Structures are given as structure tokens and as C-alpha cells.
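Following: one structure in C-alpha cells, then a few remarks.
What follows is calculated from the coordinates using simple rules that are stated; it is not laboratory data. Just so you know, these numbers come straight off a predicted model, no measurement behind them. Reconstructed Cβ throughout: ideal geometry from the backbone, glycine too, with neighbour counts over all protein chains shown.
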Amino acid sequence: MARKRRIEKIGFYHIVNRGVEKRIIFYDTEDFTKFLEIVEDSASVYSFYIHSFCLMNNHYHLLLETKDLNLSLIMRQINSKYSIYFNNKYKRVGPLWQGRFKSWYIYDKLYLGTIVRYIEFNPIKANITNSIGKYRWAMSSKYVSNGCLNFELINSVDLNKNYTKKEDDKLQEILNAKVEIKLNKILKKEKQPLEDIFNNETNKELFISKAIKEGYTQIQIALLLNLSNVSISKIYKIYKQKVILFEKLKNKGIFWSYSKEIQYDTFSQNIFIEYLLKYGDFDDIKLSLKLFGKRVVKKVWEEKLKSDKQFIKINLMIARIFFKMNIESDYFKRIKNERFEKLKLLAS
């Protein structure tokens, strides 16, 4: 899947990055200190400020203010330098980070204080400490001081009152909203009405996916569909698993005869299942039954694969293991012969 182009604009960003497979990225004081040193060195090159930070064992948060259009350069330097340090120290190879860093441009500065509170309350939410200022690897502790840390904003924020769910819901709405550039400014993009998405999409899982991507909450979608929030969550989870499986097979080159730009949302479900049964591995096939349902998968198998002599071994495995059919390979040879005889009769 093509990576979404990152919007870059001078201003404030909430940055998050995690260790690959949620692994620990900060083991000891030296690791935390080294990361902050790298941030400070990068600031001397790229001219940015940090207004809030929190370094947890397996991820970090930064509230970063850029002065130039160089966010990607900043984060590339920070992440690559720390990765090199970490891999050398712990004698490991391979990527340290789970992927591209996540960034949210703060288009509404009224919520900067809420973002500071969100970041600084991370250790409390994780039950590491019970009060602000005690966790040394958050900016509110004021344990660390270097040239790129700007304490003006955090000093103006009330960190004594608890971080509430109402605050978090509003902040998530701000962070997850779609944005667009208008008149050289990044502004919140107006949502497509939920009813319009629903009227234009007959597939329930695709509707839910599009609505969530548009910025609607699962509760709002559940109310429209008259379903529970748990049901919406389950449908969306299954949808995401299907997309991941589709991309896995696509990256293997299984869909070589189709455009490289094909996406799960516009691809035929039956063709996807057919290719999956033919060329997927054992775990892929097992997962397909869970995601699409045994009845749907079996129907595709019977219509598209069962009579294909090229796949007798695969058909035998699928029939015996997944559909619990007590048969031998001759079963598929007879199906092929019967089909051939029918074609002969039609041709005569």
C-alpha cells in the first residue's frame, strides 16, 4: 500500500514512535540520556524546540515546534542515530522502530495545553507513578535541561488536576481529524456526512472503514447502524486483518496479473479468496476461514478450485484439514473427468 504523503508545515507537531513489535527501546538511564542528547544535537542542526516530552520504555512522545519545513529530516536524524546507538550497545541487527514515526500537526493552538497534559500524564496512566513531576523522563520533572527544551508552555499549563476522559475524547477528535492546505494554511477538513457515506457504500465493513477514516467515532457509527460499539469494533478489526492479509499476498507478487495499485477495498472478494487458497500458506488459509467464514471460503473453493487438476494436492489438503472431508486424491480426478465428459456431450 502506498504510503500517505505527510503534510509538513512550520509549527507544532505531536510526535510518537514505538519500538518494533512493541519491544523495549530504553533499558536504562544511559539509553534515556542518549536519546535526549541526540534530540539536543539534532536541534542544533535543524532549529526546533521541544515543549513537552515523555520517554516510556517502548515508545516516546514529543511536542515539537519546527522553524523550517524539515520535520522528516529532524525525525530521520533522531531515529536513525538512536537506532545505531541501540543496536551497537545491545549487539542486535535490524530495524528498531515499528515503522514511520506518527505525527499530528496541531492546527488549533488552543489545544496545545491539552496535548501537554496528555503527554505528561502518560506515566500516571501506565501506573508508573501517581503524580506529575515524579517521572524523571517526562519534561514536567524538569530533571533534564538542554538548549532545545522550551519550558514556557508547560509552565503555563495546570498539571495539578487529573487528565479527564472528556479532555481525551476532544483531543482524539483534534488529532484524528483530516486536514487540508488552504491559502497556505493547514486547516481542519470538513467531514463528509456520515449518512452520505452510508448511502454510497453497500458493504458494511467498507462503510465502517470509510467512516472511521473520515474521523467518525465507533459510537457514532454504531448509532447509525443500530449496532453495539463492540460489534463495530469487531467488524473493523476483521476488516483490518483482511487488508493486512491482502497486502501480504500482494507483496509476494501473487496478484502479478493485476495493477500494482490494486487495493483490498476495490478487489473482488471471491478472487482474493481463490488466489489465497491457491498460493497462500497454511496459516493464510486458516486465517481466511476465520475472517471470511467457512461457508464463504468453501463456496469459492468448490466453484473455482475443486475441479482444477493443477491443484490436486492443495485441494486434498484443504478438503481433509479445513473441511473435514474423508476423501483421497482420486476424488478430484473423478470431478475433472466428469466435467470433461459433460463438455464432450455439449460439443457433440
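Quick look at the values:
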{"item": "Chain lengthening between Ser131 and Tyr27 when straightened (0.36 nm per residue, less Cα-Cα)", "result": "35.2 nm"}
{"item": "Sites Ser80 and Lys333 - FRET efficiency at Förster radius 45 Å, r taken between beta-carbons, to 0.05", "result": "0.20"}
{"item": "Given charges at beta-carbon only (K, R positive; D, E negative), |dipole| of the stretch 12-188 in Debye", "result": "460"}
{"item": "Sequence-distant residues sharing a close amide H with Trp97 (under 5 Å, placed H)", "result": "Val20"}
{"item": "Quotient of Cα Rg and 2.2 N^0.38 Å for the chain, N being how many residues it contains", "result": "1.29"}
{"item": "Likely footprinting exposure, Cys148, Cys54, fewest C-beta neighbours within 10 Å first", "result": "Cys148, Cys54"}
{"item": "For Met317, Met139, order by how many other beta-carbon atoms lie within 10 Å, fewest first", "result": "Met317, Met139"}
{"item": "Given 16 as the ceiling on other Cβ atoms within 10 Å, longest exposed-site-free region of the chain for GluC sites (Glu not before Pro) in DSSP loops", "result": "1-189"}
{"item": "Where labels lie 7 Å past Cα in the beta-carbon direction, separation of Lys166 and Ser257 in nm", "result": "6.0"}
{"item": "Pairs beyond 18 Å (Cα-Cα), from Lys298/Lys324; Lys278/Lys306; Lys204/Lys248; Lys170/Lys237; Lys286/Lys324", "result": "Lys204/Lys248; Lys170/Lys237"}
{"item": "Spin-label model distance (nm) - Asp265 vs Glu205, 7 Å beyond Cα toward Cβ", "result": "1.5"}
{"item": "Sequence of Tyr13, Tyr27 once ranked by neighbouring C-beta atoms within 10 Å, starting from the fewest", "result": "Tyr27, Tyr13"}
{"item": "Charge dipole (the chain, unit charges on Cβ, about Cα centre) - positive-most of Met317, Ile219, Asn130", "result": "Met317"}
{"item": "Gain on full stretching of the segment that runs from Lys240 to Lys299 - 0.36 nm per residue minus C-alpha separation", "result": "18.9 nm"}
